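Here the structure comes first, spelled out in structure tokens, and everything after it is commentary.
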Amino acid sequence: MSFLIGPKVTRFDTCAQFAKEAQLGERDLIVTNEYIYRPFFEELKLSCQVMFQEKYGSGEPTDVMIDAMCADASALSFDRVIAIGGGSVMDTAKFLTLRQGSPVLDLVDGKITPERVKALFCVPTTCGTGSEVTCLSAIDQTTRGTKVGFGTPAMYADEAVLIPELLSSLPLKFFATSSIDAFIHAIESYLSPGASRESKLFSMEAMQLILRGYLRMEREGVDVRFEESENFLTASMYAGIAFGNAGTGAVHAMSYPLGGNYHVPHGEANYAMFRGVFGKYMEKDPGGRIAELNEKLAATLDCARDEVYVVIQRLFDNVLPAKPLHEYGMTEEDCENFADIVEQKQVRLTKNNYVKLGRDDYAAIYRGLY
């Protein structure tokens, strides 16, 4: 069993320190959002070329958005792509480093062989996706009505750059959706059949950092998260390393139809599915590896093993209350249709399930959460 940590990891207290150390200049293309660039980088008066993702669409990256950005980038001359943003920005920027990054669906379908021709620096501004240390991109396939994860070693960053300053203006909801996403990356990868001793170390450390942060927020108030910024960034990175090696499972697989059809943010869609999937796992095999996991989480949370998921939901609901699926627009018919999609189109993820789940299990989970 192999284990890979892709990019070099560097840390800086401020954006100015990073810009100076990396010698950002005219041969660099910064891919970011205007609301990030203006407060943190504009005053540095960099000579870099800049591409704002929101010019091409809002929300998570779509095939249409990425194709348009690749087309515009092909007219520019640059050596490095500096991706500064959340998972959407980093996932999109990875395609700009390829010799032929579009049409995206041709890459997904294997019609184009990915070949890296530009250097890539990934600078996360949220604490969830772990995209800075993975070779994966989540894409909303608008023409196909679902999301897909596309990965190739050609899309590993050369450097993952952690700057706690960038979390200083992160709104509470975006903090919640991203940090909960990181937790789910970690917990799913811990239980994956592809998990190794090494990946489980990263999974567990990520979960513990996140839960300790949430416990402190419950005690001292949600604004204490800003004092925990470096820990949450680190946890997100660790979770990225873990799931980049071991994969994620049914939570992610079942969240993709919800997110793709009803435009639910990725982390929130994962949280919407989390309790249902893990409830099914506990129903099917409570005495397997999940028992070992629950024992460790109970020690972190200082609770009984049978209270672990109740306490986790309480902590997460403190900042992002869980909602039934119908509040996102889902219909009862979707429960059946989405189960078919998961069974047929998300095998890449469902092969990482803790226990074997079938189409009827997925439908039952959706109905239970509906």
Practice problem: Scan the helices (runs of 4 or more DSSP H) fully inside region 62-132 and keep the ones with 3 or more residues being surrounded by fewer than 21 Cβ atoms within 10 Å (Cβ to Cβ) and within 15 Å of the chain's Cα centre (by Cα). | Solution: none
Practice problem: Among the candidates E228, E218, single out the residue that is in a helix (DSSP H, G or I) and within 10 Å of S179 (Cβ to Cβ). | Solution: E228
Exercise. Mind counting the residues in region 251-265 that are in contact with a helix residue (DSSP H, G or I) (Cβ under 6 Å, 6 or more places away or on another chain) and either over 23 Å from V347 (Cβ atoms) or assigned to a helix (DSSP H, G or I) (or both)?
Key: 10
Self-check item: Residue check, I30 in the same structural domain as F150 (by TED's automatic domain parsing) and touching a strand residue (DSSP E or B) at 6+ places or on another chain (Cβ under 7 Å)
Solution: yes
Self-check item: Which listed residue is at pLDDT 95 or above and under 30 Å from R225 (Cα atoms), from V342, V319
Solution: V319
Quiz item: Any residue at all in region 165-172 that is in a loop (DSSP other than H, G, I, E, B), small (G, A, S) and within 16 Å of S255 (Cβ to Cβ)?
Solution: no
Quiz prompt | Selection within region 122-157 - of a type outside the set (S, T, Y) and in contact with a Cys (Cβ under 9 Å, 6 or more places away or on another chain) | solution = V123, E132, V133, G151, P153, A154, M155, A157
Practice problem: Give the residue, chosen from A299, A195, that is at pLDDT 95 or above and either buried (at least 17 other Cβ atoms within 10 Å of the Cβ) or in the same structural domain as S88 (by TED's automatic domain parsing) (or both). | Solution: A195
Practice problem: Would you be able to say whether some residue in region 40-57 is without any contact (Cβ under 8 Å) to a residue 24 or more places away in the chain, assigned to a loop (DSSP other than H, G, I, E, B), out of contact with any helix residue (DSSP H, G or I) (no Cβ under 7 Å at 6 or more places or on another chain) and not polar (S, T, N, Q)? | Solution: yes
Exercise. May I ask you to list the residues in region 35-55 that are surrounded by 13 or more Cβ atoms within 10 Å (Cβ to Cβ) and among the acidic types (D, E)?
Key: E54
Quiz item: Within region 223-241, can one find any residue that is out of contact with any strand residue (DSSP E or B) (no Cβ under 8 Å at 6 or more places or on another chain), buried (at least 24 other Cβ atoms within 10 Å of the Cβ), of a type in the set (G, A, S) and under 30 Å from T142 (Cα atoms)?
Solution: yes
Quiz item: What about F78, is it closer than 30 Å to G267 by Cβ, at pLDDT 95 or above and assigned by TED's automatic domain parsing to the domain that holds A157?
Solution: no
Quiz item: Among the candidates I341, I312, which residue alone is closer than 14 Å to E218 by Cβ, out of contact with any Asp or Glu (no Cβ under 8 Å at 6 or more places or on another chain), touching a residue at least 40 places away in the same chain (Cβ under 8 Å) and in the same structural domain as P286 (by TED's automatic domain parsing)?
Solution: I312
Self-check item: Meets criteria (of a type in the set (S, T, Y), touching an Asp or Glu at 6+ places or on another chain (Cβ under 8 Å) and not in a loop (DSSP other than H, G, I, E, B)) for Y281
Solution: no
Exercise. Would you mention how many residues in region 305-364 are touching a Ser or Thr at 6+ places or on another chain (Cβ under 7 Å) and charged (D, E, K, R)?
Key: 1
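Let's see how each residue does on (1) on the phi < 0 side of the Ramachandran plot; (2) crowded, with 20+ Cβ neighbours inside 10 Å; (3) of a type outside the set (S, T, Y); (4) not in a helix (DSSP H, G or I):
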position: P286; (1), (2), (3), (4): yes, no, yes, yes
position: E292; (1), (2), (3), (4): yes, no, yes, no
position: V342; (1), (2), (3), (4): yes, yes, yes, no
position: N353; (1), (2), (3), (4): yes, yes, yes, yes
position: A364; (1), (2), (3), (4): yes, no, yes, no
Exercise. For region 232-250, name all the residues that are part of a helix (DSSP H, G or I), touching a Pro at 6+ places or on another chain (Cβ under 9 Å) and over 16 Å from G87 (Cα atoms).
Key: A246
Exercise. Look at region 320-340 and say how many of its residues are surrounded by 14 or more Cβ atoms within 10 Å (Cβ to Cβ) and not aliphatic (A, V, I, L, M).
Key: 6
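The values are calculated or read from the model by the stated rules, or taken from the named source; none is laboratory data. These figures come from a predicted structure and were not determined experimentally. So basically every Cβ, Gly included, is an ideal-geometry build from the backbone, and we count neighbours across all protein chains shown.
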